[in-house]
Amino acid sequence: MLHIHINKVLHGSQGEMSLEVNLDINEGEFVVLMGESGAGKTTLLRVLAGLEKSEGSIRVEGKSWKEMSPQKREIGFVFQDYALFENMSVKENLLFVRKDKALAEKLLTLTELTALSSRNVKSLSGGQKQRVSLCRAMMNRPKLLLMDEPLSALDANMRKRLQSEIAKLHSAFGTTTIMVSHDTEASYALADRIIVLSQGKVIQDGKKEDILQKKTTVTYALKE
Amino acid sequence: MIDFAPFILSFKLAGLTTLILFLLALPFAWWLSQTHAKSKPVLEAITALPIVLPPSVLGFYILVVLSPNAAVGGFFEDVFGVKLVFSFTGLVVASCFYSLPFMVQPLQSGFESLNKHMLEASYLAGKSTLQTIWYVALPNMKPALITALIITFAHTVGEFGVVLMVGGSIPDETKVASVAIYEMVEVMEYGKAHIYSAIMVAMSFVVLLLVYVFNHKQKKIGII
């Protein structure tokens, strides 16, 4: 179980705003985080990863993460811009996280990247890079997988493909996942639960069927 | 017969200075690239001083500080028995001050040019700052790294004013190539001065050419 109780003042384009989030997320749950630009979605992920400081508490399986460094949190993070290690090949990107060749091969097989394993990541397409980024995030068998708009930089075909690979990995590993997304189709396909943030506050939280039926919220979330 | 001892001494001085400065400047340049401290511009200005100061001014202050009558120079002579003026050791210390900006500035701008998310991905993979610098940052900023090392080396080889003030001209101890040329001109040995100067011009040109060719190639293959 992940308990999030955080408070952080953000200085955005629309002035000062307070990010106040109180959530409990169950183990193995797939949560999609929606909301307009500047609502605090990425900041929430970064606070959970330990990349930004905040007031309050974060507890995972009874352990406090508040003072824990990002290195010790056992988090997988998929960045919107892939953030791959460009001096390394696909396989080296994975093995840099953990020298576990069997797991690397399993992940590359699941995402159909085995043929590209020796290729330098600079030579890959955007969709391939994001799949490598997803595999890399799974290499330390994370307690929590955080994905910051992993689908947004991809075309429709690539989006569908990555969406199906995210689903495959989630069913294979059962990792608790929080994904920021504006894509209703992908959110509906992947999420167990959808949370909508606005101005740093949770304004909707529930099952995907309930949230995505509320047209006002969806329109709001898709304003991008 | 040409005496190559001054050249050998110049290269020994430049090699040692480059090595020492790399080890000292690396953590400093990293810190400058990551910090938002108010002291940053002050430290950047101090680091850049040797670029604008006349070598005689820098040499004068280094001479004052390293002199056996001063606190620092006296301490080294009393405790370690090391003389820091008119000695090769003193030249190395003076060169480290003189060439400091040529090592720090390219490294700092190299670190600043890196994708911040790539560094964060390394932390989230459990890697320490040192591991991140060594395995992720430096390999992804090779042109900046090569520029820092080569320019520091070449700049130290070409050093004259500071060397003359702090080291004088003691054969096999402080008489480097640039000082030897100065002395040849003083005693009107123009033939020898021509040969020495031509060697310096040729070597400097080859070194700079290598840097530019390397950086051009890196651009072509998409590293920068």
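The values are calculated or read from the model by the stated rules, or taken from the named source; none is laboratory data. Predicted model only: the values in this text are computed from it and were never measured. Neighbour counts are summed over all protein chains in view; Cβ atoms, including those assigned to glycine, are modelled from backbone coordinates with ideal geometry.
Some notes on this structure:
- Scope region B:1-55; condition of a type in the set (Val, Ile, Thr), in contact (Cβ under 8 Å) with a residue 60 or more places away in the chain and surrounded by 14 or more Cβ atoms within 10 Å (Cβ to Cβ); matching residues: B:THR17, B:THR18, B:ILE20
- Residue in region B:183-195 that is more than 24 Å from B:MET165 (Cα to Cα), in contact (Cβ under 8 Å) with a residue 12 or more places away in the chain and of a type outside the set (Ser, Thr, Tyr) present: yes
- Considering (1) outside any helix (DSSP H, G or I); (2) among the aliphatic types (A, V, I, L, M); (3) closer than 24 Å to B:VAL136 by Cβ, the lone condition that A:VAL132 does not fulfil carries the number (1).
- When region A:76-114 is filtered for residues that are within 21 Å of A:LEU154 (Cα to Cα) and hydrophobic (A, V, I, L, M, F, W, C), the ones remaining, listed by number, are A:PHE77, A:VAL78, A:PHE79, A:ALA83, A:LEU84, A:PHE85, A:VAL90, A:LEU107, A:LEU108, A:LEU110, A:LEU113.
Each row is one residue, and each column tells you yes or no for (1) within 10 Å of another protein chain (Cβ to nearest Cβ); (2) free of Cβ contacts under 8 Å to residues at least 24 places away in the same chain.
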residue: A:GLU86; (1), (2): yes, no
residue: A:VAL90; (1), (2): no, no
residue: A:ASN93; (1), (2): yes, no
residue: A:LYS99; (1), (2): no, yes
residue: A:LEU103; (1), (2): no, no
residue: A:THR109; (1), (2): no, yes
residue: A:LEU113; (1), (2): no, yes
residue: A:LEU116; (1), (2): no, no
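- Hey, A:LEU48 within 16 Å of the chain's Cα centre (by Cα), in contact (Cβ under 8 Å) with a residue 60 or more places away in the chain, within 14 Å of chain B (Cβ to nearest Cβ) and within 25 Å of B:TYR123 (Cα to Cα) or not: yes
- Test result for A:VAL9, touching a Ser or Thr at 6+ places or on another chain (Cβ under 9 Å), assigned to a strand (DSSP E or B) and buried (at least 17 other Cβ atoms within 10 Å of the Cβ): no
- Among residues of region B:169-224, those that are surrounded by 11 or more Cβ atoms within 10 Å (Cβ to Cβ), in a loop (DSSP other than H, G, I, E, B), of a type outside the set (A, V, I, L, M) and in contact with a Lys or Arg (Cβ under 8 Å, 6 or more places away or on another chain), counted: 1
- Residues that are more than 9 Å from chain B (Cβ to nearest Cβ) and either closer than 15 Å to A:LEU84 by Cβ or modelled with pLDDT of 95 or more (or both), drawn from region A:130-144: A:GLN130, A:ARG131, A:VAL132, A:LEU134, A:CYS135, A:MET138
- Considering only residues in region A:55-84 that are within 13 Å of chain B (Cβ to nearest Cβ) and on the phi > 0 side of the Ramachandran plot, the one that is nearest to the chain's Cα centre (by Cα) turns out to be A:TYR82.
- Within region B:136-146, restricting attention to residues that are at the interface with another protein chain (Cβ under 7 Å from one of its Cβ atoms) and buried (at least 17 other Cβ atoms within 10 Å of the Cβ), the residue that is farthest from B:VAL213 (Cα to Cα) is B:VAL136.
- Failed item in (1) within 14 Å of another protein chain (Cβ to nearest Cβ); (2) in contact (Cβ under 8 Å) with a residue 12 or more places away in the chain, with B:LYS127 passing the rest: (2)
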